[in-house]
Amino acid sequence: MKVLRITPERCTGCMRCELACSYVQTGTFQPARSVIRVSPFEGHTSYAPYTCTQCAEGWCMTACPVEALTISPVGAKAVLDDQCVGCKLCTIACPYGTIFYNPETQKAFKCDLCGGTPACAAVCPTAAIEYVEAETTDWLGGFASKRVLRSHEGQHAMAEAGG
Amino acid sequence: MTRRHVIIGGGTAGLNAILTIREYDRGASEIRLVSAERPYSRMVLPYYLARSITESHVFTLTPPRLAELQVQTHLGRRAVRLETAANRLMLDDGTGLEYDDLLIATGSSPVRAAVPGADLPGVHSFWTLAQARGVVAQIREGSHVVLVGAGFIAFTILDAILALKARLTVVEVAPQILPRMIDRTGAEMVERWLTRHGVTVRTGATLTAIEDTEGRKHLRFRQGEDLVADVVIMATGIRTNLEWLNGSGLRVNRGILVDDHLRSNVANVFAAGDVAEGRDLVTGQPALHAIEPTAMEHGRVVGANMAGRDVAYRGSLLMNILEVCHLDIASFGAWDDPTAEAFAAARPERWAYRKLLWRGDRLIGAMILGIANDLWTTNDVGMLKGLVQSGGHLGAWKEHLRRNPFDIKPAFIASGTTARLLPETTLGKPSVPGGQVV
């Protein structure tokens, strides 16, 4: 299956993925509604995009009481808007925090890989996000642990120096 | 000989057991479903009450779906006696069903406060579809609705009542609202939020009687003024449907005691959902979790085991989520463990609250309040669930979260929680969408 491979070392924090995602998913440019989220690390000196892994369990899908989540032809866990009643069980079941709820439409929404042409990967200028055949893995864990700990050490050093 | 499965209960646990059996055997076994009601999802009844979905939307195992799944039904029937030595279940119409294995998923029933007038016409429970229809027929624009009980069930219909433009008063006997879901600080924040949205909240109010006065209801309390209501909804708790098992020889504590395969003390009798007392994921102790996600997971695990697989269940995680007037309220795991170390932080101006409960450097429980419209709230709801569920050692991240209990995302990502969660599946294999089974 093709997945979103994230190489956080390449991310410059330009946020084009969030803009493109929100436009394709909602029809408007509003990063606040993007289902890929760029996180800053080390006091905004490095960044990493985070989104749904399309995990094997599909916690959102199994939790849904009305079968409103399914697996799309490209292998994404996808919300069927006609079925979704907006009960939010999926948002509490997903242990990654990557399925959301839109109070205006009263529906859940999440990354559906844009039906096989993910906008985030298409617009990423540094190939930090690629849509490729790969095994899903924890793309960010190693990158983030080094960076945030480094910033803690920095804060600690600054505190000791009276900063 | 064809294997004969009997499923008692057409709710979430029964539905998931049936789907999972068929996912594995594609129709090779015989399944009989005994259900007092046509199968529907209780979880979506509040949306029917709000009239945001039609009644037909609530049904799960419809006749065509049952035919597709090759399920024979005894609808409108109740189980009255279990004869484990004979492997026979007796129904209330005298039918005897012989089985090779059996699932008890008979759920819970609402309990009304034991006060005079609790059974008057116009005093409702909101639990079954029939009761939901009764409430839907009664509430009109401007009706004064009194919700007796401020627990989870009451709060699931709060938005629906407001959507119908009714006036709402919530009364609760405990000193705070949502006493089994959030702490005092959180409850006070939610109470302020509700007051701001026009809901009257009265806590510490002991109802003593309901009287009928020309169609309207007078509610009397031990202290304080009477209330006059057009519609009274009692949401004063539930009890598990187990009485019919007296004399069956099954071991019952608060629920039917089950092992890690969800088998009772009788090897071919399983229990799932509200009636099953199984392992709590966080404490490892037997617990009764009468919640939708537990019913779903129990049902899937039982279904796999009934289909001849060997699936052990890791345990259920207590979790609840509510949205009231666009405020999200959620709690997980050991959120109220008084022996746990707790970090809490509130941002009242943003209606945000986080509480994290620890055993050493592992997160064992959490509570969260936040504006539902904010994707970061939802993100934190999920990540807190993931941190409690995966139970990993957070090491230095614990100190990070002590400094700022709101900064959950970097702690989640950098502690490698995703790597711990990715291999986790309930059945030891990738899930299949229910709609695509058979």
* For residue A:78, all conditions in the list (1) part of a loop (DSSP other than H, G, I, E, B); (2) more than 17 Å from residue B:378 (Cβ to Cβ); (3) outside the structural domain of residue A:136 (by TED's automatic domain parsing) hold save one; what is the number of the exception? -> (1)
* Structure fact -> Considering segment B:112-168, residues that are free of Cβ contacts under 8 Å to residues at least 24 places away in the same chain and under 12 Å from residue B:234 (Cα atoms), and then whichever is surrounded by the fewest Cβ atoms within 10 Å (Cβ to Cβ), we arrive at B:114
* Hey, can you tell me all the residues within segment A:55-68 that are facing chain B (nearest Cβ under 7 Å) and within 15 Å of residue A:92 (Cα to Cα)? => A:57, A:58, A:61, A:62, A:63, A:65
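To keep it simple, each residue is scored yes or no on (1) modelled with pLDDT of 95 or more; (2) more than 27 Å from residue B:370 (Cβ to Cβ); (3) outside the structural domain of residue B:271 (by TED's automatic domain parsing).
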position	(1), (2), (3)
B:189	yes, no, yes
B:197	yes, no, yes
B:200	yes, no, yes
B:206	yes, yes, yes
B:220	yes, yes, yes
B:223	no, yes, yes
B:226	yes, yes, yes
B:229	yes, yes, yes
* Filtered residue count, segment B:365-395, keeping only those that are of a type in the set (Gly, Ala, Ser), part of a loop (DSSP other than H, G, I, E, B) and facing another protein chain (nearest Cβ under 9 Å) -> 1
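Any idea which residue in segment B:406-438 is surrounded by the fewest Cβ atoms within 10 Å (Cβ to Cβ), counting only those that are among the small types (Gly, Ala, Ser) and either more than 8 Å from chain A (Cβ to nearest Cβ) or not in a loop (DSSP other than H, G, I, E, B) (or both)? Steps first, please.
Of all residues in segment B:406-438, those among the small types (Gly, Ala, Ser) come to B:411, B:414-416, B:419, B:428, B:431, B:434-435.
Next cut, either more than 8 Å from chain A (Cβ to nearest Cβ) or not in a loop (DSSP other than H, G, I, E, B) (or both) only: B:411, B:414, B:419, B:428, B:434-435.
Values: B:411: 24, B:414: 25, B:419: 16, B:428: 11, B:434: 26, B:435: 17.
Here the answer is B:428.
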* Asked: Going by the structure shown, is residue B:395 under 19 Å from residue B:422 (Cβ atoms), surrounded by fewer than 23 Cβ atoms within 10 Å (Cβ to Cβ) and not assigned by TED's automatic domain parsing to the domain that holds residue B:193?
  -> no
* Can you give me the ranges of the strands (runs of 3 or more DSSP E) entirely in segment B:213-252 with at least 1 residues that are within 16 Å of residue B:153 (Cβ to Cβ)? => B:231-234, B:238-240
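Consider residue B:13 carefully, then state whether it is within 12 Å of chain A (Cβ to nearest Cβ), in contact with a helix residue (DSSP H, G or I) (Cβ under 9 Å, 6 or more places away or on another chain) and either within 23 Å of residue B:161 (Cβ to Cβ) or among the basic types (Lys, Arg) (or both).
Working: within 12 Å of chain A (Cβ to nearest Cβ): yes; in contact with a helix residue (DSSP H, G or I) (Cβ under 9 Å, 6 or more places away or on another chain): yes; either within 23 Å of residue B:161 (Cβ to Cβ) or among the basic types (Lys, Arg) (or both): no.
In short, no.
Only residues that are polar (S, T, N, Q) and either surrounded by fewer than 22 Cβ atoms within 10 Å (Cβ to Cβ) or in contact with a helix residue (DSSP H, G or I) (Cβ under 6 Å, 6 or more places away or on another chain) (or both): list them for segment A:64-107, please.
Narrowing segment A:64-107 to residues polar (S, T, N, Q): A:70, A:72, A:83, A:91, A:98, A:102, A:105-106.
Result: A:70, A:72, A:83, A:91, A:102, A:105, A:106.
Kindly provide the set of residues from segment A:4-54 that are in a strand (DSSP E or B) and either touching a strand residue (DSSP E or B) at 6+ places or on another chain (Cβ under 7 Å) or at the interface with chain B (Cβ under 10 Å from one of its Cβ atoms) (or both), ordered by number. Write out each step before concluding.
So the first thing to find is which residues in segment A:4-54 are in a strand (DSSP E or B), and the list is A:4-6, A:37-41, A:46-50.
Passing the criteria: A:4, A:5, A:6, A:37, A:38, A:39, A:40, A:41, A:47, A:48, A:49, A:50.
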* **Checklist (1) of a type outside the set (Lys, Arg); (2) crowded, with 21+ Cβ neighbours inside 10 Å; (3) modelled with pLDDT of 95 or more; (4) closer than 19 Å to residue A:121 by Cβ applied to residue A:61, failing item** => (4)
* Grab the helices (runs of 4 or more DSSP H) fully contained in segment B:1-71, keeping just those with 2 or more residues being surrounded by 19 or more Cβ atoms within 10 Å (Cβ to Cβ), among the aromatic types (Phe, Trp, Tyr) and out of contact with any Pro (no Cβ under 6 Å at 6 or more places or on another chain). => B:45-49
* **Evaluation of residue A:121 against (1) at the interface with chain B (Cβ under 10 Å from one of its Cβ atoms); (2) assigned to a helix (DSSP H, G or I); (3) surrounded by 16 or more Cβ atoms within 10 Å (Cβ to Cβ) (one fails), failing number** => (1)
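The values are calculated or read from the model by the stated rules, or taken from the named source; none is laboratory data. Please read these numbers as outputs of a predicted model, since none were measured by experiment. Here the Cβ is made from the backbone with ideal geometry for all residues, glycine too, and neighbour counts use every protein chain on show.
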